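Scroll down for the structure; my scribbles are underneath it.
Nothing in this text is a laboratory measurement; each read-out follows from the coordinates by a stated rule. None of these values were measured; they are calculated from a predicted model. All Cβ positions, glycine included, derive from the backbone under ideal geometry; neighbour counts span all protein chains shown.
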Amino acid sequence: MSARIARVAVAAPLHSLFDYQIPATVEVAVGSRVRVSFGHTRPIGVVVEIVDSTDRPGDSLKSLEAVLDREPLLRQQELDFLTWAAAYYHHPVGETVAAALPLRLRKADKMLPAGEPVWALTAEGRQLPHDLARRAPRQAEILGWLSALPTGQAPQAVLRAALPDSGATLRALQGKGWIKPLELPATSDVIIQRDGGPRPNPEQLAVLDALSGDIGRFAVSLLDGVTGSGKTEVYLRLSAAVLARGKGVLVLVPEISLTPQLLARFRERLGDTVRVLHSGLTESEREQTWQRMRRGLSHVLLGTRSAIFTPLADLGLVVVDEEHDPSFKQTEGFRYSARDLAVVRAQRSGCPVVLGSATPSLESLRNAQLGRYRQLRLDRRAGRAQSPRIDLLDIRDQPLRAGMSRPLLDRVAAVLGAGEQVMLFLNRRGYAPVLSCFSCGWLSDCPHCDARQTLHKASGLLCCHHCGAQRRVPLACPACGAEDLHPLGQGTEQLEGFLTEHFADYPLIRIDRDATSRKGSLERQLARLHQARAALLVGTQMLAKGHHFPRVTLVGVVDADGGLYSADYRSTERMAQLLVQVAGRAGRGDRPGQVLIQTRYPDYPLLQTLVRHGYRAFAEQALSERAAAGLPPFSHQALLRADATRLADAESFLDGVADWARRQAIAEVELWGPVPAPMVRRAGRHRAHLLIQAPQRDALHVLLQALSEFIVGLPKIRRVRWSLDVDPIDLY
Ligand code: ADP
Ligand code: ZN
Ligand code: ZN
């Protein structure tokens, strides 16, 4: 039949689009939300396509019930990108499209006005009571910040980015009548192009030259530059060039904790048109930013992985900083890789994408070898900083105190004595990973997982880092009653306690998820550090990421052995990246840095290659090992996970799927398993998985397409939950 038909991505866990007749009197555009009738429900959907024929017989076709938006929320280009992602990850298309909308707009709510809230000083607010700084330092800080601006006013988003965690204080100031909210009309941010910034060095110039030639067309570049080589400087200059052509820039960063420093640098050079999007914002702030980007009122977006779905008006450049970082992969629900999607997004937008890292992923290096990505290198640190010297410290015969050997302690003392800063890295938070009874051998097992509960001494709790279960630390052994409980191993809390006593004269700052869980506390800790001279910094991998600590000249890696003998084939790559990133924090100022890595396996080939020849040599070696084993990036994988309260239920579900898949006999697709997951029991559920692997992506996807249809069509399996992970990054 022929008519106007809307193909709708319905917000429900369904894999196909659904067709609805558009009533003759109704106007609707692609990208608008509509209400439809679906079984017994009336969900919302987004129109993805308007066509004039359907395979479905005319009389069974229902009509759209209502059109919610006059102005479409998403453009054709974005819808194409989203439907591509849904198909690639075998994720329900309606849920995928919803990922591109702010929470409120996933429901029937109206769009907020595009004007943004602005805070302005009142006449009273300009007269700072002189003792306010003492009585209410946060209030004084905000008033001071506003009065330093010529207009005495700033958009809320700008203010909150400069002064994180200020929501309650703003309300307090409003209550006192010292500031007031203004609603400004939606205007485009002025694009500022301040000169400033260091003159690019010859290496940077060569890279910029190559990248500038890509503006206006799709091209993928892997910017492989050692830490401190001036990659960010390259992003800034390239962004400025793209802005000058009236286009927008999307910059993805792995961690919310990285955004303040980067934001400050981008704002300093490009002005307030630089906006952020991450999980630390309120919903209305997120929607505001989304709106401004969509309408082209702001032009640069800095965000964590989900920012990849923001519909920037006229995208001209995508940057993925620290592209190797596993946090670009969403590991629950819609399991996408923002790094991989960035490449597709750029392709759809016809613009260049830059993947930057000091430790590129093996996937990206492989793509560069194959000529799919252009590899650009920055081999020297920019400015005056030199590369740090890295040494292994054999601790096989060393007595340890809180994990620290005598030689490491001596170096720390010397560096502090010279007025410089030390960073100690231990990738385990808490006091100790296990509590044990020395009388009967009891261990602090988690009742719900195949894992131990970690001792958190300060809070007096045993906590499971996998399911979150916690209990009070027992005074006596729960099994035999002996008062003979002892912590085994060490975490950052223990290291902190020991060092605070040992180096009582120096400030110590701990940075891990426990110490910085309050909003804004990481920024405050970092600010303290930037003011201090000699100081100690103790932390987990949160420290390794991108931060710039110019006074740190010694980095100690307390325990490098954790990742060396793991079941996951990616663990050596992760370990190498982490070590190099941590090492990269040393000596970023004028003084040279040193890195000391404590290990019981100083002859381990990976460590040797890494220390003697650097990351690239390591990566080459790791790539040839992967090639020999036929592992990614030399093959492609998908992981079908299942869990149930009884392992047998999960396994029999997977057995059924595996039997079916083997009968499809798609050439070259291999099936491994089902096998129990490395940690079988987690949060009370028993887990197993089926690994599907093929040398070519196409064959894998032919099977996955049929497989997800097969599973969806199975009679409802109540006891079993399942998920499909395309390009999994771990087997847990
Ligand atoms: P990366 O992103 O590769 O770690 P950055 O861009 O942050 O490197 O640069 C590291 C440091 O070197 C920063 O303090 C930056 O201001 C400085 N820098 C970058 N490029 C130059 C240059 N051409 N000349 C002098 N200093 C530079
Ligand atoms: Zn006991
Ligand atoms: Zn647990």
Do you know the relative contact order of the chain, to the nearest whole percent, from alpha carbon pairs under 8 angstrom that are 6+ apart? 10
Round to the nearest 0.05 the FRET efficiency obtained for R513 and A313 when R0 = 41 Å and r is the Cβ-Cβ distance. 0.70
Mean separation of Cα contacts under 8 Å (at least 6 apart) over the residue count of region 202-378, i.e. the relative contact order in percent, is 36
Over all directions, region 202-378 yields a Cα convex hull whose mean projected area in nm² is 9.5
Please work out how much length the chain gains when fully extended from A414 to S37, using 0.36 nm per residue of separation minus the C-alpha to C-alpha distance, in nm with one decimal. 128.5 nm
Divide by every residue of the chain the summed helix terms, -39500 (n - 2.57) for each DSSP H run of at least 4, and state the resulting mean residue ellipticity at 222 nm, rounded to the nearest 500 deg cm²/dmol. -9500 deg cm²/dmol
Shape verdict for region 40-139, please, from the Cα gyration tensor: rounded (a/c under 1.5), prolate (a/b greater than b/c) or oblate. prolate
For the pair R295/A206, report the inter-label distance in nm, with labels modelled 7 Å from Cα in the Cβ direction. 4.6
Expressed as a whole number of Å, what is the distance separating the alpha-carbon centroids of region 243-274 and region 10-45? 37
Over the alpha-carbon set of region 95-215, work out the extent along each principal axis and list the three values in angstrom, largest first. 55, 47, 24
Which whole-number percent gives the relative contact order of region 2-106, counting Cα pairs below 8 Å spaced six or more residues apart? 34
Spin-label zone in region 405-434 - amide nitrogen under 19 Å from a point set 7 Å from the Cα of H486 along the C-beta vector: 405, 431-434
Between region 680-712 and region 460-524, what is the separation of their alpha carbon centroids in Å? 38
Listed here are the pairs K176/K457; K107/K176; K231/K329; K247/K329; K180/K247; which of them are more than 32 Å apart at the Cα? K176/K457; K107/K176; K180/K247
Dividing the convex hull volume of the alpha carbon atoms of the chain by its residue count, what do you get in Å³ per residue? 196
Any cysteine of the chain lacking a neighbouring Cys Cβ under 4.7 Å - listed by number: C351, C463, C467
Specify the longest stretch of the chain that does not include any exposed loop site, a site being one of the GluC sites (Glu not before Pro) with a non-H, G, I, E, B DSSP assignment and at most 10 other Cβ atoms within 10 Å. 28-331
For region 116-184, what does the equivalent ellipsoid look like in terms of its semi-axes, each the square root of 5 times an eigenvalue of the Cα gyration tensor, given largest first in whole Å? 17, 13, 11
Tell me whether region 356-479 comes out rounded, prolate or oblate; compute the Cα gyration tensor, take square roots of the eigenvalues as a ≥ b ≥ c, and use a/c under 1.5 as the rounded threshold. oblate
Once a ≥ b ≥ c are taken as the square roots of the eigenvalues of the Cα gyration tensor of region 460-528, is the result rounded (a/c under 1.5), prolate (a/b larger than b/c) or oblate (a/b not larger than b/c)? oblate
Compute the length gained on full extension between A617 and R135: take 0.36 nm times their separation in residues and subtract their Cα-Cα distance, giving the result in nm to one decimal. 167.8 nm
Rg over Rh of region 631-705, using C-alpha atoms and the Kirkwood radius, what does it come to? 1.02
Once the dipole of region 202-378 is set up with Lys and Arg at +1 and Asp and Glu at -1 on Cβ about the Cα centre, which of Y235, Y373, L312 lies farthest towards its positive end? L312
Dipole magnitude of the chain about its Cα centre (Cβ charges: Lys, Arg +1; Asp, Glu -1), debye to nearest 20: 1360
Pick out, in residue order, every one of the trypsin sites (Lys or Arg not before Pro) in region 159-227 that is DSSP loop and has at most 16 other C-beta atoms within 10 Å; say none if there are none. K176, R194, R217
Once both label points are put 7 Å beyond Cα along the C-beta direction, the S723-A66 separation in nm becomes 3.4
